[in-house]
Amino acid sequence: MSSFSIYNSLLSMRIMKTPRYFSIALILSLGITTFAWLSPEAMMPTRRSLTTIEMGLPLSRQEQKDYKIITCSSSNELADAISGYVMDTDIVAELGSQLREVSTQICETCKAAVLVDIIRKFPKTVVGGQKRTHAMRLNNTTPFYPDKATFIEIPSLECWRQAFFEGCAQDTGYDVLILDVNAIVGNDLEWTSLSLVQQFEFQNQIARKQSTRLNVKPLLVLVKSMGLNQWASRLVHARKWKGQPDVASSTHIVAAVGVHEYRGTIPCTVQTDDAVLEVGCHLGTTTSIIESRAAYSIGVDIGPKIIREAQDRHPEVFFRVGNAWKTAGLLRIQQEYFTGARIKAEKERKIGFDVVYVDVGGLSGSDGLLEAISLVSSLWHALEPRCIVIKSLCMQRLSSKLIPYWKSQKDYQHRMRND
Ligand SMILES: C[S@@+](CC[C@H](N)C(=O)[O-])C[C@H]1O[C@@H](n2cnc3c(N)ncnc32)[C@H](O)[C@@H]1O
């Protein structure tokens, strides 16, 4: 309550309606406000009271146009993100609910929640005198936020659809999905979380079509996954790429759409002493542009006829038949190049590439995302480039959806310093 409203309330009382009490009303209202400010609760404002702008988050829920995925690397980060993004009107789904800090944060923040976890017997360790018999949950007998939350245990992960959409919220859909499935699936592969998100989003859209709720916002996904968080930190939209990495000393993935945008990345990406590979080089136009700016470039394509034609057109470039997925074969092609090129300096014979351009068919459609991710992952691990530029529509769409939570913190600190 502000001093102004307290002042008005006091004035509205009959006793205060004489001029001599005006000043008393003023002093009292200022005193009450000061006390409220100094009370322990006021000294420690809840995160909920901060607005999205104050939290420094790169996304405003009000302005959110399509579904977004915020990636977190730890449970603490996830709980922080929940307090920043989840609103008290939201219906929330949590998969991999451990009924601990994260679930508590959800229930403290949202309007209603469906919390789902798998039935498990392990580990059977004892924490605080209680057996953790079900997954990571404590063996707690008291119901968890019974006024807001429905907790459902499922026999296996495949049953998530029934748990979230048959019965619970089947005709309203969800505003937020919280995902933490590493403990359930036993790995932290980016495509595990991503394919779950894709399927959930699809199912949620069906549920929302039957919904009578007004002004529903696009789905917001908050996911705890180190793997996906790495992707979110490295994946850049070609139009935002200036050649300057966000995270030093790690491979960046630049997603381009169309040949113009794909080739447009060359000036800010390729440096004069770089070894560059293009997979899916076709007739070699892009590879030859790269060749003119790099130490050397190699063009690889799966079609032998195409490679013959490319070599005829650009005799100065090294072309070979190869398969983008067979990374050992790509390294053998590089060895072959070294043998023929009579390179003297050891540095120039470094195995692997500084930059890899990827333009193989089938990775652009909406169903090519998981293939694109697995191809980029294998090229990234086998060839250790500084940057991979991929021509893929679905990858570029992903780059607009994925936001690492740490970035919002960095942007916030940057703004605070400049204010
Ligand atoms: C769109 S074209 C590439 C155009 C070229 N990058 C350019 O900028 O001029 C796609 C090429 O990918 C090749 N391709 C498809 N699958 C491949 C694979 N698994 N490995 C290597 N090349 C592949 C096709 O033969 C085709 O020539």
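The values are calculated or read from the model by the stated rules, or taken from the named source; none is laboratory data. Quantities reported herein were computed from a predicted structural model and do not represent experimental measurements. Don't worry about glycine lacking a Cβ; one is built from the backbone with ideal geometry, like all the others, and counts go over all protein chains shown.
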* Could you check, for the range 280-289, whether at least one of its residues is more than 8 Å from the ligand (Cβ to nearest atom) and among the aliphatic types (A, V, I, L, M)? => yes
* To do: Six or more apart or on different chains, Cβ under 8 Å: which pairs go from a residue in the range 280-293 that's farther than 20 Å from Gly362 by Cα to one that's more than 9 Å from the ligand (Cβ to nearest atom) and among the basic types (Lys, Arg)? Could you list them?
  => Ser288/Arg313
* Structure fact -> Only one of (1) modelled with pLDDT under 95; (2) closer than 29 Å to Leu402 by Cβ; (3) more than 15 Å from the ligand (Cβ to nearest atom); (4) not basic (Lys, Arg) does not apply to Ala295, and that is (2)
* Structure fact -> Exactly one of Val221, Val197 is at pLDDT 85 or above and either of a type in the set (Lys, Arg) or within 16 Å of Val114 (Cβ to Cβ) (or both), and that residue is Val221
* Structure fact -> Within the range 264-279, of all residues that are touching a Phe, Trp or Tyr at 6+ places or on another chain (Cβ under 9 Å) and of a type outside the set (A, V, I, L, M, F, W, C), the one farthest from the ligand (Cβ to nearest atom) is Asp274
* To do: Filter the range 126-152 down to residues that are surrounded by fewer than 18 Cβ atoms within 10 Å (Cβ to Cβ), assigned to a strand (DSSP E or B) and modelled with pLDDT of 90 or more, then give me how many there are.
  => 2
* If you go through the range 251-261 one residue at a time, do you hit one that is more than 9 Å from the ligand (Cβ to nearest atom), small (Gly, Ala, Ser), out of contact with any Asp or Glu (no Cβ under 6 Å at 6 or more places or on another chain) and at positive phi? -> yes
* Report the residue count in the range 83-118 for those that are outside any loop (DSSP other than H, G, I, E, B) and within 25 Å of Asp171 (Cβ to Cβ). => 16
* Going by the conditions given, is Asp301 within 13 Å of the ligand (Cβ to nearest atom), farther than 30 Å from Asn229 by Cα and touching a Lys or Arg at 6+ places or on another chain (Cβ under 9 Å)? -> yes
* Selected residue (only one of Asn229, Asn215 is out of contact with any helix residue (DSSP H, G or I) (no Cβ under 7 Å at 6 or more places or on another chain), under 22 Å from Ala372 (Cα atoms) and polar (S, T, N, Q)) -> Asn229
* Which numbered condition Val259 fails, given (1) over 25 Å from the mean Cα position of the chain (by Cα); (2) in a strand (DSSP E or B); (3) farther than 22 Å from Thr327 by Cβ -> (2)
* To do: Could you tell me which numbered condition Asp171 fails, if it satisfies all but one of (1) assigned to a loop (DSSP other than H, G, I, E, B); (2) closer than 21 Å to Leu78 by Cβ; (3) at pLDDT below 90?
  => (2)
* Any residue at all in the range 205-222 that is of a type outside the set (A, V, I, L, M, F, W, C), assigned to a helix (DSSP H, G or I), free of Cβ contacts under 8 Å to residues at least 12 places away in the same chain and surrounded by fewer than 17 Cβ atoms within 10 Å (Cβ to Cβ)? -> yes
* Asked: Between residues in the range 321-347 that are of a type outside the set (Gly, Ala, Ser) and more than 9 Å from the ligand (Cβ to nearest atom) and residues that are in a helix (DSSP H, G or I) and modelled with pLDDT under 90, which pairs lie under 8 Å by C-beta distance while being six or more apart or on different chains?
  -> Phe338/Arg349; Ile343/Arg349
